[in-house]
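The values are calculated or read from the model by the stated rules, or taken from the named source; none is laboratory data. All values reported here derive from a predicted model rather than from experimental measurement. Using ideal geometry, Cβ is built from the backbone for each residue, glycine included, and neighbour counts are taken over all protein chains shown.
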Amino acid sequence: MPQRPDHIQGLIFATLGALALTPDGLLVRLAGTEEWSTVFWRGLYIGIGLFITQLIQHRKAILKHFPPNSLKEWFAAFLSSIGTLCFVMAVKHTTVANTLVILSTMSLFAALFSMIFLKERIALRTWIAMAAAICGIIIVFMDDLSGDDMLGKLIALTCAFVTAGCMTVIRSERSMNVQSVFAWGGLLSTVPALYFAPNLAVDTQASITLIVMGGLNALAFVLIGAGAKRIPSPEVSLLMLLETILGPIWVWFILQEAPSPNALIGGAIVVTTLALHSIASLKKRRT
């Protein structure tokens, strides 16, 4: 059966959005700035980038659309800010591969939260996927039980939890302005960074890297949001695995940060599980 033009557009938007996220971990590494300084500038540039997109879309009505309009939107923005903060901290304390493999499980956590808070039923395939993904994550965690690396993995797991929570809040209210949520998430992450960052001054090379990072994140949110309106969520989840696969490859190719054997094994289990789950969900939806 031929695909509808809007479905093809959705695939293109979501794919480009997922690809825009793939160098995120690499850019955090290349910036070379102190972790709280990175949190500050990354969050600020994400907020500015998404504000510009909202300004283009709404122009004179920007003051009506850009600020969150409800407590739910503010709560989602708060959760997004924690996720933004935790991503940087995770990459700073463990490998990009470990971070992205653990983060890729957020869709399964979101399904669990939807069952608890939105009273949605979880299919058997999702429970099986959760069990398999947990096995993969355990293998990743067993790779190195030392203090700093373990801290990074725990922060990545926290990031997956809070991001899944953010997505659950967003799903609970279809009229929510998602771009505004992520923009304010970026801006709110700068608040603790102002206190903890020893110095916010960065050199020209780091500044350019951070601007590119924030711009790509803002672009990714816009494109993925546009794609998600046109294609089913399992397809979006499947395309988001591009970040989990390509992100570590960018870092390995440019910085020679090779994933450990446990990260490769655990990552393969998680990525394969999520891919099969998304494919099964798509088939069920079409049936």
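Applying the criterion of being free of Cβ contacts under 8 Å to residues at least 12 places away in the same chain and not basic (Lys, Arg) to the residues of the range 151-185, the residue that is nearest to Phe221 (Cα to Cα) is Ser175.
Of all the residues in the range 64-78, those that are out of contact with any Pro (no Cβ under 9 Å at 6 or more places or on another chain) and crowded, with 23+ Cβ neighbours inside 10 Å number 0. One residue stands out in the range 240-249 among those that are buried (at least 19 other Cβ atoms within 10 Å of the Cβ) and of a type outside the set (D, E, K, R): the one that is nearest to Leu103 (Cα to Cα), namely Thr244. Across the range 131-156, the qualifying residues are those that are of a type in the set (Val, Ile, Thr) and crowded, with 18+ Cβ neighbours inside 10 Å, and the one among them that is farthest from the chain's Cα centre (by Cα) is Ile139.
As for the range 122-130, it holds at least one residue that is buried (at least 18 other Cβ atoms within 10 Å of the Cβ), under 30 Å from Phe78 (Cβ atoms) and of a type in the set (Gly, Ala, Ser). Name the residues in the range 179-232 that are closer than 15 Å to Phe87 by Cβ and surrounded by fewer than 20 Cβ atoms within 10 Å (Cβ to Cβ), would you? Within the range 179-232, just Pro192 meets the criteria. Residues that are crowded, with 17+ Cβ neighbours inside 10 Å, closer than 17 Å to Ala97 by Cα and not β-branched (Val, Ile, Thr) within the range 265-287 comprise Gly266, Gly267, Leu274, listed in sequence order.
Screening the candidates Ile224, Ile208, Ile249 for the property of being at negative phi, over 20 Å from the mean Cα position of the chain (by Cα) and not aromatic (Phe, Trp, Tyr) yields one hit, Ile208.
Can you find a residue that is aliphatic (A, V, I, L, M), under 30 Å from Gln57 (Cα atoms), free of Cβ contacts under 8 Å to residues at least 12 places away in the same chain and assigned to a helix (DSSP H, G or I) anywhere in the range 216-229? Among the residues of the range 216-229, not one is aliphatic (A, V, I, L, M), under 30 Å from Gln57 (Cα atoms), free of Cβ contacts under 8 Å to residues at least 12 places away in the same chain and assigned to a helix (DSSP H, G or I), which makes the answer no. Residue-level analysis places Ser237 outside the set of residues that are more than 21 Å from the chain's Cα centre (by Cα), among the hydroxyl-bearing types (Ser, Thr, Tyr) and buried (at least 16 other Cβ atoms within 10 Å of the Cβ).
Name the residues in the range 164-178 that are among the hydroxyl-bearing types (Ser, Thr, Tyr) and either under 19 Å from Ser107 (Cα atoms) or surrounded by 15 or more Cβ atoms within 10 Å (Cβ to Cβ) (or both), would you? Of everything in the range 164-178, those that are among the hydroxyl-bearing types (Ser, Thr, Tyr) and either under 19 Å from Ser107 (Cα atoms) or surrounded by 15 or more Cβ atoms within 10 Å (Cβ to Cβ) (or both) turn out to be Thr168, Ser172.
To keep it simple, each residue is scored yes or no on (1) at pLDDT 95 or above; (2) among the β-branched types (Val, Ile, Thr); (3) farther than 21 Å from Trp250 by Cβ.
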| residue | (1), (2), (3) |
| --- | --- |
| Pro23 | yes, no, no |
| Leu55 | no, no, yes |
| Lys60 | no, no, yes |
| Phe78 | yes, no, yes |
| Phe87 | yes, no, no |
